[in-house]
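The values are calculated or read from the model by the stated rules, or taken from the named source; none is laboratory data. Not measured: the values here are computed from a predicted model. Every residue, glycine as well, gets a Cβ built from its backbone with ideal geometry; the counts of neighbours run over all protein chains shown. To get the accessible areas, we keep the full protein, side chains included, count just its heavy atoms, and leave off ligands, DNA and RNA. Shrake-Rupley method; radii C 1.70, N 1.55, O 1.52, S 1.80 Å.
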Amino acid sequence: MKRVVFNQKGGVGKSSISVNLAAVSAAMGYRTLLVDLDVQGNASHYLGVEEDSLPAGKTVADLLKQTVGWFGSLPAPDQYVHLTRFDNLSLLPASPALAGLERELEMRYKIYKLRDALRALEKQFDRIYIDTPPNFNFYSKSALIAADRVIIPFDCDGFSAQAIHRLMGNLLELKGDHNGELMAEGVVVNQFNAQARVPQQLVAELEEQDVVPLFGTRLSSSVKMKESHQQQTPLIHLAPGHKLTGQFIELFHELEPDFAPA
Ligand SMILES: Nc1ncnc2c1ncn2[C@@H]1O[C@H](COP(=O)(O)OP(=O)(O)OP(=O)(O)O)[C@@H](O)[C@H]1O
Ligand SMILES: [Mg+2]
């Protein structure tokens, strides 16, 4: 199962949600891979993997780059996958090189290469999560083509509600053109404040409009999230008993209704 966390709006919680869901999935026993497709590399940094600490040429940018001008069989994509400090959790890290590579990959129609690589990796991993950049660009499109399902973070402001409509239009077009199997799994309401009127109204409107399902779990706003990024330690390991961690576990169970501990 491959899930992409995407919203073209910046700062809505894509990296926080993809890393923490992947970490819960791994802690529950699934062999889990996180793919960081954002040139900012926030998810890689969050998991304590910096490009300078990696062997040269071993990022997702290098994987995609070697598809250019190659006519034989490609080197196995697992060469670009790294273990993290956390059991069952591996990372295909981002690199600043993604920025310079985008145009060339696009010009050479490499939009299906990530899908092919992840199909090969799916044999080694039970779950794959993909973090995306805040743009509907070559990389996020590649991720949406590679994935089975898309999770959409929503940060409860008025612009976000409009952005979801634009996003659904883009997703439908991409689904029609490239990936008929893609399913919008749901919107995750992030940084939800149940006491404030505006977020409640926005969420109620989204529910009424019924353009995409909403997960029942709401993620609260907590300083623990910032601390977790700073400590490069996902919440399930940093603060297993924290309320926000509990919400990520609840969200995991919404995604995995058939999960049974081994
Ligand atoms: N539930 C939360 N509680 C508190 N802070 C949060 C929460 N979720 C996200 N944040 C904070 O909001 C900021 C943006 O989050 P994040 O980087 O995950 O968003 P993003 O969508 O990946 O951003 P970008 O579009 O730049 O990639 C970060 O500083 C993060 O720590
Ligand atoms: Mg991000």
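Consider the stretch 239-248 and keep the residues that are out of contact with any strand residue (DSSP E or B) (no Cβ under 6 Å at 6 or more places or on another chain) and crowded, with 17+ Cβ neighbours inside 10 Å. The one that is farthest from A204 (Cα to Cα) is A239. If you go through the stretch 214-224 one residue at a time, do you hit one that is at pLDDT 95 or above, part of a loop (DSSP other than H, G, I, E, B) and surrounded by fewer than 19 Cβ atoms within 10 Å (Cβ to Cβ)? Yes; the residues of the stretch 214-224 include at least one that is at pLDDT 95 or above, part of a loop (DSSP other than H, G, I, E, B) and surrounded by fewer than 19 Cβ atoms within 10 Å (Cβ to Cβ). Condition (residue is under 21 Å from V150 (Cα atoms) and not in a helix (DSSP H, G or I)) applied to the stretch 76-84: is it met by at least one residue? Within the stretch 76-84, none of the residues are under 21 Å from V150 (Cα atoms) and not in a helix (DSSP H, G or I). Considering the conditions (1) within 16 Å of ligand 1 (Cβ to nearest atom); (2) out of contact with any Lys or Arg (no Cβ under 6 Å at 6 or more places or on another chain), V5 is excluded by exactly one of them, (2). Taken together, D87, D52, D78 contain a single residue that is acidic (D, E) and free of Cβ contacts under 8 Å to residues at least 40 places away in the same chain, which is D52.
I'd like the full set of residues that are more than 15 Å from L33 (Cα to Cα) and within 16 Å of ligand 2 (Cβ to nearest atom), limited to the stretch 132-141. Selection gives P133, P134, N135, F136, N137, Y139, S140. Considering the stretch 91-208, the qualifying strands (runs of 3 or more DSSP E), each wholly inside and each with 2 or more residues that are open to solvent by 30 Å² or more (accessible area, probe 1.4 Å), run over 183-192.
Right, A239: of a type in the set (G, A, S), touching a helix residue (DSSP H, G or I) at 6+ places or on another chain (Cβ under 6 Å) and at pLDDT below 95 or not?
No.
Listed here are the residues, each with its yes/no results for (1) away from ligand 2 (no atom under 16 Å from the Cβ); (2) touching a helix residue (DSSP H, G or I) at 6+ places or on another chain (Cβ under 6 Å); (3) under 30 Å from H165 (Cα atoms).
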residue	(1), (2), (3)
V4	no, yes, yes
A23	no, yes, yes
R31	yes, no, no
S44	no, no, yes
R85	yes, no, no
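Residues that are under 19 Å from the mean Cα position of the chain (by Cα) and under 21 Å from I17 (Cβ atoms) within the stretch 180-196 comprise L182, M183, A184, E185, G186, V187, V188, V189, N190, Q191, listed in sequence order.
Inclusion of D126 among residues that are under 13 Å from the mean Cα position of the chain (by Cα), of a type outside the set (A, V, I, L, M) and under 18 Å from L21 (Cα atoms) is not warranted.
Do we have any residue at all in the stretch 7-21 that's under 22 Å from S220 (Cβ atoms), away from ligand 2 (no atom under 13 Å from the Cβ), aliphatic (A, V, I, L, M) and open to solvent by less than 30 Å² (accessible area, probe 1.4 Å)? Scanning the stretch 7-21, I find at least one residue that is under 22 Å from S220 (Cβ atoms), away from ligand 2 (no atom under 13 Å from the Cβ), aliphatic (A, V, I, L, M) and open to solvent by less than 30 Å² (accessible area, probe 1.4 Å), so the answer is yes. For the stretch 22-69, the candidate set comprises residues that are open to solvent by less than 10 Å² (accessible area, probe 1.4 Å) and of a type in the set (G, A, S); within that set, the residue that is nearest to ligand 1 (Cβ to nearest atom) is A43. Of all residues in the stretch 97-118, those satisfying the criterion of being farther than 27 Å from L235 by Cβ and in contact with a helix residue (DSSP H, G or I) (Cβ under 8 Å, 6 or more places away or on another chain) are A97, L101, E102, L105, E106, K110, I111, Y112, K113, L114, R115, A117.
Answer yes or no as to whether L34 is under 16 Å from the mean Cα position of the chain (by Cα), more than 23 Å from E106 (Cβ to Cβ) and among the aliphatic types (A, V, I, L, M).
Details: under 16 Å from the mean Cα position of the chain (by Cα): yes; more than 23 Å from E106 (Cβ to Cβ): yes; among the aliphatic types (A, V, I, L, M): yes.
Judged against the criteria, L34 is a match.
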